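Peer 1: Can you keep this structure in mind? I'll have questions shortly.
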Amino acid sequence: MGDVAGRYLTFDRREWAALRAATPMTLDQADLDELRGVNVDIDLDEVTAVYLPVSRLLNLYVGAAQSLHQATAAFLGTTAPRVPYIIGVAGSVAVGKSTSARILRTLMARWPAHPKVDLITTDGFLHPNRVLAERNLMHRKGFPESYDTRRLIEFLRQLKSGIAEVSAPLYSHVVYDIVDDAEVVVRRPDIVIVEGLNVLQTGPTSDGSEFVSDYFDFSLYIDADEADIEHWYVHRFLALRDSVFQNPDSFFRHYAHLSHDQAVETARTIWRDINGRNLRENIEPTRGRASLVLRKGSDHRVTSVMLKRL
């Protein structure tokens, strides 16, 4: 990471695992079976070595943030507003960020104080396919310009304003589009995890003065070599070909009957033309903005962790 590394404290896997201290394990294998993503192999050892220390760190950070809010309220002579602690989770397609976000959500929801933790994916803030088609952006779905960034920022602004109910659009990975007349409603959470490809992006917004990450209290980037991510993407594509793509309602049902070699070639083409390009041009350059970077090896296991200096 070049000069960026000087802004971080770097830990190897063993050093990071030791920072778990006495944080209890609150997941079992059945939990993991429900939380893992397509083609993401994760076990309890990974949770113990990597995610329990992250959970402990976040517990400390959330407590400090709450104390800061109370101190500000005391200074102003007002009642401290109840606003959620917002965590951004960024990384490439197929790097395992969704699985990481789900694991963290479950761990945090099982803290002794039992906070209410919600998980929102930025897929719901993609422009509908009809809009993308009108703008000739279907081939750039997932790139920054394919999102309704103004609406996402407004959603986060409402969360941080302490509004009782805040809604987000619902996205279906089966039909590959926003679901009409459907929404996800967030009701006074203590913590919100916002997971997506470009959540650390600083590109143009509605007026250029606000970015999505301005509303984050903490951010996490899942990192790996591009060659490894491409390999994971190809294997995930093969798994989806044999499952989700078989659904008659699937947007990608035309891939369901590809042979193994055809599917591999199709996945590599999609990676080369879309996902790999998006990673290099838009996602990876934001890595140095994350509070914490989890670096994965070729086996999907975290090999090192980088924590940004305060």
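Peer 1: Please give the number of the condition residue 210 fails out of (1) in contact (Cβ under 8 Å) with a residue 60 or more places away in the chain; (2) part of a loop (DSSP other than H, G, I, E, B).
Peer 2: Residue 210 satisfies all of (1) in contact (Cβ under 8 Å) with a residue 60 or more places away in the chain; (2) part of a loop (DSSP other than H, G, I, E, B) except (1).
Peer 1: Is it the case that residue 221 is touching a Leu at 6+ places or on another chain (Cβ under 6 Å) and either modelled with pLDDT of 95 or more or of a type in the set (Phe, Trp, Tyr) (or both)?
Peer 2: Answer is no for this residue.
Peer 1: Could you list, in sequence order, all residues of the range 126-139 that are over 17 Å from residue 91 (Cα atoms), in contact (Cβ under 8 Å) with a residue 12 or more places away in the chain and outside any loop (DSSP other than H, G, I, E, B)?
Peer 2: The answer is 129, 132, 139.
Peer 1: Then there's this: Might you let me know whether the range 264-279 holds any residue that is in contact with a helix residue (DSSP H, G or I) (Cβ under 6 Å, 6 or more places away or on another chain) and either among the acidic types (Asp, Glu) or at pLDDT below 95 (or both)?
Peer 2: no
Peer 1: Give me the helices (runs of 4 or more DSSP H) completely within the range 1-113, filtered to those with at least 2 residues that are over 16 Å from residue 219 (Cβ atoms) and in contact with a Phe, Trp or Tyr (Cβ under 7 Å, 6 or more places away or on another chain), ordered by residue number.
Peer 2: Helices (runs of 4 or more DSSP H) meeting the threshold: 52-76, 97-109.
Peer 1: Scan the range 226-233 and give yes if some residue there is small (Gly, Ala, Ser), more than 17 Å from residue 40 (Cβ to Cβ), in a helix (DSSP H, G or I) and under 19 Å from the mean Cα position of the chain (by Cα), otherwise no.
Peer 2: Checking the range 226-233: not a single residue is small (Gly, Ala, Ser), more than 17 Å from residue 40 (Cβ to Cβ), in a helix (DSSP H, G or I) and under 19 Å from the mean Cα position of the chain (by Cα).
Peer 1: Residue under question is residue 303, and the condition is that it be in a helix (DSSP H, G or I) and among the hydroxyl-bearing types (Ser, Thr, Tyr); does it hold?
Peer 2: No; evaluated as a whole, the condition is false for this residue.
Peer 1: Now, a different point. Can you run down the residue pairs with Cβ atoms below 8 Å, 6 or more apart or on separate chains, where the first is in the range 1-20 and farther than 18 Å from residue 51 by Cα and the partner is modelled with pLDDT under 85 and outside any helix (DSSP H, G or I)?
Peer 2: Correct list of pairs: 8/1.
Let's see how each residue does on (1) over 20 Å from residue 143 (Cβ atoms); (2) in contact (Cβ under 8 Å) with a residue 24 or more places away in the chain; (3) touching a Cys at 6+ places or on another chain (Cβ under 8 Å):
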{"position": "218", "(1), (2), (3)": "yes, yes, no"}
{"position": "231", "(1), (2), (3)": "yes, yes, no"}
{"position": "238", "(1), (2), (3)": "yes, yes, no"}
{"position": "253", "(1), (2), (3)": "yes, no, no"}
{"position": "274", "(1), (2), (3)": "no, yes, no"}
{"position": "297", "(1), (2), (3)": "yes, yes, no"}
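Peer 1: Being crowded, with 22+ Cβ neighbours inside 10 Å, of a type outside the set (Ser, Thr, Tyr), in contact (Cβ under 8 Å) with a residue 60 or more places away in the chain and touching a Leu at 6+ places or on another chain (Cβ under 8 Å) narrows it down to one residue among 89, 95, 166; which is it?
Peer 2: 89
Peer 1: One residue is enough: does the range 158-165 have a residue meeting the conditions more than 14 Å from the chain's Cα centre (by Cα), of a type in the set (S, T, N, Q), more than 25 Å from residue 229 (Cβ to Cβ) and not in a loop (DSSP other than H, G, I, E, B)?
Peer 2: Yes, the range 158-165 contains a residue that is more than 14 Å from the chain's Cα centre (by Cα), of a type in the set (S, T, N, Q), more than 25 Å from residue 229 (Cβ to Cβ) and not in a loop (DSSP other than H, G, I, E, B).
The values are calculated or read from the model by the stated rules, or taken from the named source; none is laboratory data. Quantities reported herein were computed from a predicted structural model and do not represent experimental measurements. Heads up, the Cβs are rebuilt from the backbone with ideal geometry, glycines too, and the neighbour counts pull from every protein chain shown.
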